[in-house]
Amino acid sequence: MSGNRRPTWLLAAAALLSGGLLLAPTAVAMPLADPVLALPFATGQQTYSAGVHSDNGQSGVKNAIDFSPSDGVARSAAEGTVRIQRCAGGDWVTVDHAGGWRTGYYHLEDIQVRDGQSVSAGTPLGRTGNALPCGGSSSGAHVHFTLWQLGAAPSADWSGLSYADVSTKVAAEVGVPVDGKVLGAWRFRAGAQQYSGRAERVGDGFSVSLPGRFQV
């Protein structure tokens, strides 16, 4: 999927009843530019990635990718504002960016940021881990990195939503495929199956099959 999804609550249809005729002009949505994102961890180290997959790893838009950097620290992929999502089992981190983009960082332990905090690209958010504050599953410490597009004025509060809802209903509404997106110096491609794909170094085309480990 090459285009970006717009949430349905942002689309409006205007209707005018005139002379017994219902006029419903169709709005043409302008394509959104891809966000400028860094890798969600520091460069200069090895990382393992399980590959591109959907939020639940089973079905739906493939808007997520897992990373296990050697230093175990997850960082914001771009400048933005932290939105802490709270569940009975603890908290998880999302960051809202310009243009209505939101990135997510699930499974983090020792979260180092607070709700409403302004962060820069590279700001530490917490340690990669296996935390399951809203449910889900995890095997081996990592950050489950997710991409969404909320529109021009992001305000979505997902606190209290189960991970099952975030990974299905929310993903279907505002999830954006990772396929073709550039993070730092790497472009990521989805494979035909869940948890697959490849990482391509933009500068020289060097490619790593995923799941796999590579130096960034």
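Residues whose amide H lies under 5 Å from that of Trp101, counting only those 5 or more places away or on a different chain, are Leu150; hydrogens are built 1.01 Å from N in the peptide plane. Inter-label distance, Ala192 to Ser70: 3.5 nm, where each label sits 7 Å from its Cα along the C-beta direction. With a cut-off of 12 Å between beta carbons, the residues surrounding Glu200 carry a summed charge of +3, where Lys and Arg count +1 and Asp and Glu -1. Label positions at Gln117 and Asn130, each projected 7 Å from the Cα along the C-beta direction, are separated by 2.6 nm. With contacts defined as alpha carbon pairs under 8 Å and 6 or more residues apart, what's the relative contact order of segment 62-216 in percent? Averaging sequence separation for qualifying contacts and normalising by length gives 23 percent for segment 62-216. For Gly184, the amide hydrogen comes within under 5 Å of the amide hydrogens of Leu37, Ala38, Leu39, counting only partners 5 or more places away or on other chains and with H modelled in the peptide plane.
Laboratory data are not the source of any read-out in this text; all were calculated from the coordinates shown. These numbers come from a predicted model, not from an experiment. Note: ideal-geometry Cβ built from the backbone for every residue, glycine included; neighbour counts use all protein chains shown.
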